[in-house]
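The numbers here are math on the coordinates, done by the rules we state, and not lab data. Computed from a prediction, not measured in an experiment: that's the story for all the values here. Note that each Cβ is placed from the backbone with ideal geometry, even for glycine, and that neighbours are counted across all protein chains shown.
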Protein chains: 2
Amino acid sequence: MKKSVTCVAPINIAVVKYWGKNDEEFNIPLNSSISLTLDVENLCTQTTLTLDTSFGKDELWLNGLQQDISKNNRIQRCLKEARRLAEKNSNGKELSDISCKIVSTNNFPTAAGLASSASGYACLAKCLGEIFNLEVDLSSLARLGSGSACRSMDGGFVKWNKGVSPVDSLAEQIVPEDHWSELRCLILVVSNKQKSVPSTEGMRRSAETSELLKLRINNIVESRIAEMEGAIIGKNFEKFAKLTMKESNQLHAICQDTYPPITPPYMNSTSHKIVKFITQYNELEIKAAYTFDAGSNAVLFTLDKNMKELLSTLMKYFSIERKDIVSSSELDLSINESIDIKDVNISLRCLEQVIVTKGGKGATVISNAS
Amino acid sequence: MKKSVTCVAPINIAVVKYWGKNDEEFNIPLNSSISLTLDVENLCTQTTLTLDTSFGKDELWLNGLQQDISKNNRIQRCLKEARRLAEKNSNGKELSDISCKIVSTNNFPTAAGLASSASGYACLAKCLGEIFNLEVDLSSLARLGSGSACRSMDGGFVKWNKGVSPVDSLAEQIVPEDHWSELRCLILVVSNKQKSVPSTEGMRRSAETSELLKLRINNIVESRIAEMEGAIIGKNFEKFAKLTMKESNQLHAICQDTYPPITPPYMNSTSHKIVKFITQYNELEIKAAYTFDAGSNAVLFTLDKNMKELLSTLMKYFSIERKDIVSSSELDLSINESIDIKDVNISLRCLEQVIVTKGGKGATVISNAS
């Protein structure tokens, strides 16, 4: 007996940040969060899950290399939970005993060094749900692998409600990807990254030592979630951009309040140059927003109408060459639309790559064969 | 009629930070703060105040150059308040009508670029109090010029109680400078500083935009003030050091939460290297603490017994030469006591100067002539 399913899943970028866990085993967050799911064309994980009675044990192959998963708690939690749920189904009992072969590849540009756990675990959860015919909210299965993976199950803007237990900490779509189709996303890949602190460890250290984190959770996040939902539904770019930047600033304020501080390795001097660039670029009108996660790369948001101007101005100030730009659609940069901005003087080449993308759909089954 | 008085006044380094004003005109802070007054030998302002009926108007000479004080609100507020208080005295009325000549010099190493407003206004307040025989708490007069100047009126560790009105926002000594005579202070002067944001402007921007600042004021500072007083009175270096670092981290977390963020220009990549260095240096035992104000320079605290080791380890990792060290006492660095620390690799010369100092006495009259 042999059964096989292939899925793709996207990454997502948080605009209201997830930082801190209430429960490390089940990845229950201290606060709700909101993200945009990105188009899978440039950044996705593709996974083929095969059940075959001839396999002796579960196997994982990642980008062509076999991984030892015996001590990988995140994978084991997902597989165990999927099998527990499968046993409730009519024919699930027999399937759940069969070993899985998971073959997964990321199509991320190699240089990017982008985190792939969100797309990876969303893809695995989608495969497991499909192969075992699970009739549950798969975002909770993805969440067991990586908290933010739950937000990659749906497309467009997604809210992860913190919930209070493993069964109600779920992601839900706010609006689909075509609701705000003018929105664009630029991932600025920073060169010379330092060895970083894994986000799980960073969150733990913040939760243990940052008094400001507790105050943020209890006093700030809920109203920002509501405000952000309003900005997204109303497609109010200025409101969306300001709140996105303030949320990024506050996440890194928490990292700075952590003892010892974790900024750097998270935001570094290039990241701060990007903040200054965007601040000055927005001087007369808010046309772009930055956001940073547990690393030094920036993600920028802008509207389609300002895309060329922003990209060519970035190219000018950060000495980016055409060959370093990865784009999903044909991009016409023959007309240089760069503008001059004040007080920004960046001479060194500190960005390695720019990936131009937009919102997209969630994890998807692309084939299912028995 | 001619009357003249000369005073010296020290700078001070906050260990519980002052950030945010409740009243900009009277410099009433949003929270109480604690600082150590530094020895005047290497860092002080010396001011001679002369009253002479032959002067036509008030004059200020700073480091040999005459300044236009007609639009300098800070100076004008101090002079006006001193004259108002003088008029209450027996012979004050006639003195208060006479013009002042203020001649002020700072003995700070030129390269340091250290802020001199605290020592400057403390020195002016001391001169005014002496010349007009003012029988009031002079810390409130100094505060009108620069908030943190009130803490330079006393020696040793000083607490500035926020108060609720101009008359009760006053500084008071916690312990004199000889209480914890083993404590040492190293000022690390960072090279290539960016143009900074003046602290008054930074505080205003934080008070207007940082939600975390409000939460810090209402929930965190008071307990830290009590904890810090305990650590100082008990001479508990580990407790003092941790709290000092956490306070510095939190000030810069607030600066990062400010919109747009002010870190940099405050802490820059060199500042972050110093934080990492101290974090690693303290790995087995807390032997040093860092603190940063509205700039990129660091101030380190250590105990006398660890002084040579810390300084020679700094010299090694930051390529500091003997000629760049300014010290009040004869410093024997012939025996290199540097240690190896992990994961710190600083190749570029990013520190310009190290000033080695300790706690000292407050603003002092050095001559009074009629």
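Taking amide H atoms as placed 1.01 Å from N in the peptide plane, the amide H of A:ILE262 lies under 5 Å from those of A:GLN256, each 5 or more residues away in sequence or on another chain.
Does the protein assembly as shown classify as rounded, prolate or oblate by the C-alpha gyration tensor (a ≥ b ≥ c root eigenvalues; a/c under 1.5 gives rounded; else a/b over b/c gives prolate, otherwise oblate)? Here the protein assembly as shown falls in the prolate category. Inter-copy label distances for A:ASN236: 4.8 nm (label point placed 7 Å from Cα along Cα→Cβ; shortest first).
Annotation: the residues A:ARG151, B:ARG216, B:ARG204, A:ARG84, sorted from fewest to most other C-beta atoms within 10 Å of their own C-beta, follow the order A:ARG84, B:ARG204, B:ARG216, A:ARG151. Amide H contacts for A:ALA294 (H built 1.01 Å from N in the peptide plane; partners 5 or more residues away or on another chain; cut-off under 5 Å): none found. Of the residues A:VAL40, A:VAL164, A:VAL356, the one that moves most in a GNM of chain A with alpha-carbon contacts below 10 Å is A:VAL164.
What the Cβ-Cβ distance of B:LYS316 and A:GLU321 gives, at R0 = 56 Å and to the nearest 0.05, is a FRET efficiency of 0.90. Each label was represented as a point 7 Å from its Cα along the Cα-to-Cβ direction; for B:SER99 and B:GLN76 these points are 1.7 nm apart. If you plug the beta carbon distance of B:SER269 and B:ALA226 into 1/(1 + (r/R0)^6) with R0 = 51 Å, you get a FRET efficiency near 0.90. Relative contact order, percent, of chain A when contacts are C-alpha pairs under 8 Å separated by at least 6 residues? Relative contact order, chain A: 24 percent. Here the protein assembly as shown carries DSSP beta bridges of which approximately 90% are antiparallel, counting only pairs with both residues inside.
Comparing mean-square fluctuations of A:ASP68, A:ASP293, A:ASP137 from a GNM of chain A with C-alpha springs under 10 Å, the top value falls on A:ASP68.
With both labels modelled 7 Å from their Cα along Cα-to-Cβ, the B:ASN218 to A:ILE366 distance reads 5.1 nm. The angle between the Cα long axis of helix A:269-281 and the main principal axis of chain A comes to about 60°, on a 0 to 90 degree scale.
For the pair B:VAL344 and A:VAL344, label points projected 7 Å from Cα toward Cβ lie 3.5 nm apart.
Given R0 = 41 Å, the distance between the Cβ atoms of B:LEU284 and B:ASN161 translates into a calculated FRET efficiency of 0.65.
Beta-bridge orientation, chain B: approximately 90 percent antiparallel, per DSSP, counting only bridges with both partners inside. Shape call for chain A from the C-alpha gyration tensor, a ≥ b ≥ c root eigenvalues: rounded (a/c under 1.5), prolate (a/b greater than b/c) or oblate? It comes out prolate by the Cα gyration axes. Within the range B:2-176, DSSP assigns beta bridges of which about 90% are antiparallel (rounded to the nearest 5).
Going by how many other Cβ atoms sit within 10 Å of their own, how do A:CYS7, A:CYS150 line up, fewest first? Don't skip to the end; give the middle numbers.
Values: A:CYS7 27, A:CYS150 34.
With the sparsest Cβ surroundings first, the list reads A:CYS7, A:CYS150.
Whole-Hz Karplus values for the range B:164-179 come out as 10, 9, x, 7, 10, 8, 10, 9, 9, 6, 8, 9, x, 4, 8, 5 Hz, taken residue by residue from phi with 6.51 cos²θ - 1.76 cosθ + 1.60 and θ = phi - 60°; glycine and proline positions read x.
For the options B:LYS276, B:LYS162, B:LYS323, a Gaussian network treatment of chain B with springs between C-alpha atoms closer than 10 Å singles out B:LYS323 as fluctuating the most.
Work out the P(r) tail for the range B:102-178: percent of alpha carbon pairs separated by more than 20 Å, whole number.
Working: 987 of 2926 pairs.
The proportion of pairs with Cα distances above 20 Å equals 34 percent.
The long axis of helix B:221-233 is offset from the longest Cα principal axis of chain B by roughly 80 degrees. Answer rounded, prolate or oblate for the range A:183-357, using the Cα gyration tensor with square roots of eigenvalues a ≥ b ≥ c: rounded when a/c is under 1.5, else prolate when a/b is larger than b/c, else oblate. It comes out oblate by the Cα gyration axes. Taking the label point 7 Å from Cα in the Cβ direction, how far apart in nm is A:LEU303 from each other copy of itself, listed shortest first? Listed shortest first, these distances are 6.2 nm.
Calculated from DSSP H runs of 4 or more alone, at -39500 (n - 2.57) each and per residue, what is the 222 nm mean residue ellipticity of chain B, nearest 500? Before the final figure, lay out each step's value.
Numbers: 10 runs with 122 residues, N = 370.
Here the helix-only value at 222 nm equals -10500 deg cm²/dmol.
The range A:121-179 and the range B:266-314 have Cα centres spaced 45 Å apart. Each copy carries a label point for B:LEU284 at 7 Å from Cα along the beta-carbon vector; from one copy to the others these points are 6.1 nm apart, nearest first. Sequentially through the range B:11-25, phi angles give Karplus couplings (6.51, -1.76, 1.60; θ = phi - 60°) of 8, 9, 10, 6, 10, 10, 7, 9, 8, x, 10, 8, 8, 6, 5 Hz, Gly and Pro residues having no value and appearing as x. Phi angles across the range A:135-152 convert, under the Karplus curve 6.51 cos²θ - 1.76 cosθ + 1.60 with θ = phi - 60°, into 3J(HN,Hα) values of 9, 10, 6, 5, 4, 6, 6, 4, 4, 5, x, 8, x, 5, 4, 4, 7, 8 Hz, Gly and Pro given as x. As a proxy for reagent exposure, B:PHE237, B:PHE292, A:PHE55 were ordered by neighbouring Cβ count within 10 angstrom, fewest first; the result is A:PHE55, B:PHE237, B:PHE292. Could you pull out every residue, at least 5 positions away or on a different chain, whose amide H is within less than 5 Å of the one on A:CYS100? Hs are placed 1.01 Å off N in the peptide plane, and Pro or chain starts have none. The answer is A:ASP58, A:GLU59.
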